[in-house]
Amino acid sequence: MDKLAEAFVIALRLIFTGDPVVMEITLRTLTVSASSTVIACLIFIPLGCVLHFARFPGRGFLIGTIQAFYSMPTVFAGLLIFLLLSRTGPLGELRLLFTTRAIVIAQVFLVAPVILGLIISALKGVDGQAADTVRALGASPMQTAGVLLFEARFAVLSAFLMGFGRVISEVGAAMMVGGNIAGRTRTLTTAISLGIGRGEVAESIALGIILMTLALLVSFMVHLSGLRKA
Amino acid sequence: MRLELRNVYRAFGGKRVLSDVSLTVEQGDFCALIGPTGCGKTTLLRISDLLDTPDSGRVLLDGVDCAGCRGRGRTMIRRRASMVMQRPFMLSGTVEKNIRFGPGVRGKRLTGDEVAEVLAATGLTGMEGRNARTLSGGEMQKVAIARAVVTKPELLFLDEPFNSVDQGAKPELRTLVGRLHREMGMTVLMATHDLADALALSNRTAVLSDGRLMQAGETGPVFGNPANLFVASFIGMKNIIPVAFENQEAVAGELNIHIAEKAEGNGFIHIPPEVITISLERPDSSQRNAFNALITHIEETPMYDTVHLRTGGLALQAVVTPQSTGHLGLQRNSRVWISFKATSVRILA
């Protein structure tokens, strides 16, 4: 028990003195997670708009399938991207495996269903009369989508935050395609899960506190954006 | 802009909503599209405004078939028209933002004076900074009208524009729509189930029932001379008479009918059947309007009898109790006196 308390005190000191390793891992995690979420949003918000407005056979089934993949296991995303990027895989030439870029790719794939699904429901949540009204006032399809996204901006923000929350706390994909390489691909989650096995208790606790704080912050912001309906 | 629909069909999931609808609205016309709820009015408007595509048939705008237009071309054509929806959806933000939206998507930024002008024209002066979502139903509908007309549409679609406003706000909005049409001269197609709206505003009326066009033509004849039983029964209101107003009289056929208000030009009056009194002798002068009439038919029901009369070239109906029918000895082809007060005559204009 004493040892644990001691480790906890060291952990706090690591955080508040700005330990370079802890800071480096935190910063990398934030950068990777933000990149993944932003890239996923850039791809999947427009795609969500297309799926919302387009009418084609099997659309309902497709949207249902997307929502079923919300809880895609992170190691599954990691496995798929690993196979894609491994030396013998179709994209092996790019030599991306065990880089932060590989983590970003795997995480984009991981949050794709979440972002897509939440954007579609965000647009669905806008007044049914909105699209017709905006189009009737002369908006092009692009302008219409823009207005609807703006009208649903708090739900869109929620989708972004939920995506961010999912990637910052996932360990499977980052571990499989990142490899937890110190100083290169180590993130908060991979550092904690492997650090504890190596006896780096204090460091793991420090990283854990930071991760928990970030995750709570994101959840709190999701809650706040959910409260705004205007 | 001239609108012409030719043989338009539309079905949703196997349910036929419009069947072989052909309708022409000439440049500058105010055409009322009347019919019961669910008869396809909104679908017809959405197809006309290129918000929806017919399964077959043509939508000609100034003679050009636009039904199949896609992409940029469709948007550009739609920008020459505008539409006010049944339930106004306000963009989040201020009234001014809503007003600026239409010109904005066309790449035009309104000046402050232009905004003030349209606000004044629609009775919204001073409201530009208000949050559009906190307005009353009537105010929202005014904003919806203002943001539609600010784009100077050549063709304006109104889908039950007075439906979501309370009765008190309705006359003002109706006057507003009539004035905007007169001043701007655009072609208007207005869906409504309220016949008074059609009579007050339109010069042409089209009657839609169950996705089929029953009758279309000048408003007076459509109301005065329904083409078929549906139109007649839908119109429902009895004793609507097209008249020419001369001071405090309404001239209809050979009759000069005293009315309580001064009016000018042409219009319609409505004499509710229940205000007409039937007597065998000419009534005394306290009843201002008295005409000799011929009974053409008596429709009997347990509660009341409807007496169909003909006088001075007009067909009128009066409602009496079965006791009165017996007491007065009313029967087909007999002559009676009908009378009603000038104040009972409703002017529809």
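The values are calculated or read from the model by the stated rules, or taken from the named source; none is laboratory data. The structure displayed is predicted, hence computed values, not measured ones. Because the Cβ atoms are built from the backbone with ideal geometry, glycine has one as well, and the counts that use them run over all protein chains shown.
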| field | Qualifying residues in region A:134-153 (those that are in a helix (DSSP H, G or I) and surrounded by 21 or more Cβ atoms within 10 Å (Cβ to Cβ)) - the one farthest from the other protein chains (Cβ to nearest Cβ) | value | A:A145
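Can you pull out every residue in region B:37-62 that is within 19 Å of B:Y9 (Cα to Cα) and assigned to a loop (DSSP other than H, G, I, E, B)?
Filtering region B:37-62 for residues within 19 Å of B:Y9 (Cα to Cα) gives B:37-61.
Those that are within 19 Å of B:Y9 (Cα to Cα) and assigned to a loop (DSSP other than H, G, I, E, B): B:T37, B:G38, B:C39, B:G40, B:D49, B:L50, B:L51, B:D52, B:T53, B:P54, B:D55.
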| Qualifying residue in region B:89-97 (condition: touching a residue at least 24 places away in the same chain (Cβ under 8 Å), crowded, with 18+ Cβ neighbours inside 10 Å and part of a helix (DSSP H, G or I)) | yes
| Residue that is in contact with a strand residue (DSSP E or B) (Cβ under 7 Å, 6 or more places away or on another chain), more than 26 Å from B:G267 (Cα to Cα) and either more than 14 Å from chain A (Cβ to nearest Cβ) or small (G, A, S) (or both), where the choices are B:G107, B:G112, B:G137, B:G129 | B:G129
| Members of region B:120-154 found to be closer than 30 Å to B:E4 by Cα, buried (at least 23 other Cβ atoms within 10 Å of the Cβ) and not β-branched (V, I, T), listed by number | B:Q141, B:K142, B:A144, B:A146, B:R147, B:A148, B:P153
| task | All but one of (1) crowded, with 22+ Cβ neighbours inside 10 Å; (2) under 17 Å from B:A191 (Cα atoms); (3) among the β-branched types (V, I, T) hold for B:T42, so report the exception by its number. | result | (1)
| field | Residue that is farthest from B:S202 (Cα to Cα), among those in region B:243-268 that are surrounded by fewer than 17 Cβ atoms within 10 Å (Cβ to Cβ) and acidic (D, E) | value | B:E254
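Which ones in region A:136-171 are among the charged types (D, E, K, R) and within 8 Å of the chain's Cα centre (by Cα)?
A:R166
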| field | Of the criteria (1) within 14 Å of chain B (Cβ to nearest Cβ); (2) buried (at least 20 other Cβ atoms within 10 Å of the Cβ); (3) among the basic types (K, R), which one A:R228 fails | value | (2)
| note | When A:M176 is run through (1) surrounded by fewer than 19 Cβ atoms within 10 Å (Cβ to Cβ); (2) more than 27 Å from A:L224 (Cβ to Cβ); (3) away from chain B (no Cβ under 14 Å), the failure sits at (1)
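I'd like to check something: does region B:283-300 contain any residue that is touching a helix residue (DSSP H, G or I) at 6+ places or on another chain (Cβ under 8 Å), closer than 30 Å to B:R204 by Cβ, assigned to a strand (DSSP E or B) and in the same structural domain as B:V243 (by TED's automatic domain parsing)? Write out each step before concluding.
Looking only at region B:283-300, we keep the residues that are touching a helix residue (DSSP H, G or I) at 6+ places or on another chain (Cβ under 8 Å), and these are B:288-289, B:298, B:300.
Still in the running and closer than 30 Å to B:R204 by Cβ: none.
No: region B:283-300 contains no residue that is touching a helix residue (DSSP H, G or I) at 6+ places or on another chain (Cβ under 8 Å), closer than 30 Å to B:R204 by Cβ, assigned to a strand (DSSP E or B) and in the same structural domain as B:V243 (by TED's automatic domain parsing).
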| request: Those residues that are surrounded by 15 or more Cβ atoms within 10 Å (Cβ to Cβ) and part of a loop (DSSP other than H, G, I, E, B), I need them from region A:40-85; list them, please. | output: A:M72
